[in-house]
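The values are calculated or read from the model by the stated rules, or taken from the named source; none is laboratory data. As the structure is a computational prediction, the values presented were derived from the model and not from experiment. When we count neighbours, we look across all protein chains shown, and the Cβ atoms used for this are built from the backbone with ideal geometry, even at glycine.
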Amino acid sequence: MNWLDKLERRGRKLAIPGLMKIVVIGMALVFVCNLLFPQANLLYYLAFSPALILQGQVWRVFTFVFLPPDSSLLFIVFALYFYYLIGTSLENAWGSFRFTLYYFIGMLGAIIAGFLTGSATNSYLNLSLFFAFAAVYPDMQVLLFFLIPIKVKWLAIIDAVLFAVQLIFADWATRAAVIASLANFFIFFGPALFTRLKNYRRREDWRRQMRR
């Protein structure tokens, strides 16, 4: 029994069933309210701000996860559907407790990065969900731009390369945000990835020896 099994036995009551549905509905409501009442400046009052949090606006520690992507209505519909698909698929595969734990570890990482760097975003948190989805369902096909069928693992590899470039060329604030928000992925999948890499090296060493 691994550490996740032990933790689940003790903290099962802390699971939030349908967590991603709650997050997606929250994003949709925020988007619609901001569209109908732009003068209310709702996005500002929900955004993460260490200075304002320390002044007493503690809700910002949580509400930043409900900020929708800054894009057109068509893209919002696609993005929210995709977030829902990813979240519910992971919850079906893992159970409510493990998905809740995964999400809140990523959220905690984003919060820590926010206090260290002065700002936080849910973009990297949502990216960590996508990476987990690609690790669990690598061969699932999705329609890119609603037209092009492509396997999830290839999209994940492209995203990984783009964010690796960010880690190399971005400032330290961006690097901290990326690393902290992806902590959940490395905690859940790091040991398995390390084992795969070690086994791959062993196979390559064996092949080299056979060629001699």
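Miscellaneous remarks
- Number of positions in segment 107-163 that are touching an Asp or Glu at 6+ places or on another chain (Cβ under 9 Å) and either of a type in the set (Phe, Trp, Tyr) or at positive phi (or both): 2
- Against the numbered list (1) more than 17 Å from Val136 (Cα to Cα); (2) within 16 Å of the chain's Cα centre (by Cα); (3) at pLDDT 75 or above, Thr174 comes up short only at (3).
- The single condition from (1) within 16 Å of Thr121 (Cα to Cα); (2) modelled with pLDDT of 80 or more; (3) not acidic (Asp, Glu) that Trp154 fails is (1).
- Of the residues Phe163, Phe169, Phe188, Phe145, the single one that is modelled with pLDDT of 75 or more and farther than 25 Å from Tyr102 by Cβ is Phe169.
- Phe82 modelled with pLDDT under 90, surrounded by 13 or more Cβ atoms within 10 Å (Cβ to Cβ) and not small (Gly, Ala, Ser): yes
- For Val30, the requirement of being hydrophobic (A, V, I, L, M, F, W, C), assigned to a helix (DSSP H, G or I), in contact (Cβ under 8 Å) with a residue 12 or more places away in the chain and touching a Gly at 6+ places or on another chain (Cβ under 8 Å) is not met.
- Residues of segment 120-147 that are among the small types (Gly, Ala, Ser) and either more than 19 Å from Met27 (Cα to Cα) or crowded, with 21+ Cβ neighbours inside 10 Å (or both): Ala120, Ser128, Ala132, Ala134, Ala135.
- Residues that are at pLDDT below 90, loosely packed, with under 15 Cβ neighbours inside 10 Å and aliphatic (A, V, I, L, M) were ranked within segment 1-24; the one that is farthest from Gly87 (Cα to Cα) is Met1.
- Residues of segment 1-19 classified as in contact (Cβ under 8 Å) with a residue 24 or more places away in the chain and either assigned to a helix (DSSP H, G or I) or closer than 16 Å to Ile105 by Cα (or both), total: 9
- So Ile179, is it surrounded by fewer than 18 Cβ atoms within 10 Å (Cβ to Cβ), within 25 Å of Phe48 (Cα to Cα) and at pLDDT 85 or above: no
- Taking each residue of segment 74-99 that is more than 19 Å from Leu4 (Cβ to Cβ) and looking for partners that are among the basic types (Lys, Arg) and at pLDDT 95 or above with beta-carbon atoms closer than 6 Å, six or more apart or interchain, yields nothing.
- Of all residues in segment 134-170, those being aromatic (Phe, Trp, Tyr) and not in a loop (DSSP other than H, G, I, E, B) number 3.
- Candidate set: segment 15-29, residues that are over 14 Å from Glu91 (Cα atoms) and among the aliphatic types (A, V, I, L, M); chosen: the one nearest to the chain's Cα centre (by Cα): Val24
- Highlighted here are the helices (runs of 4 or more DSSP H) found entirely within segment 39-133 that include at least 2 residues which are closer than 16 Å to Phe188 by Cβ and over 13 Å from the mean Cα position of the chain (by Cα): 73-94, 96-117.
- Single unsatisfied condition, Ile22 versus (1) closer than 23 Å to Gly118 by Cβ; (2) among the β-branched types (Val, Ile, Thr); (3) assigned to a helix (DSSP H, G or I): (1)
- Check on Ala135, among the small types (Gly, Ala, Ser), under 28 Å from Ala47 (Cβ atoms) and in contact (Cβ under 8 Å) with a residue 12 or more places away in the chain: no
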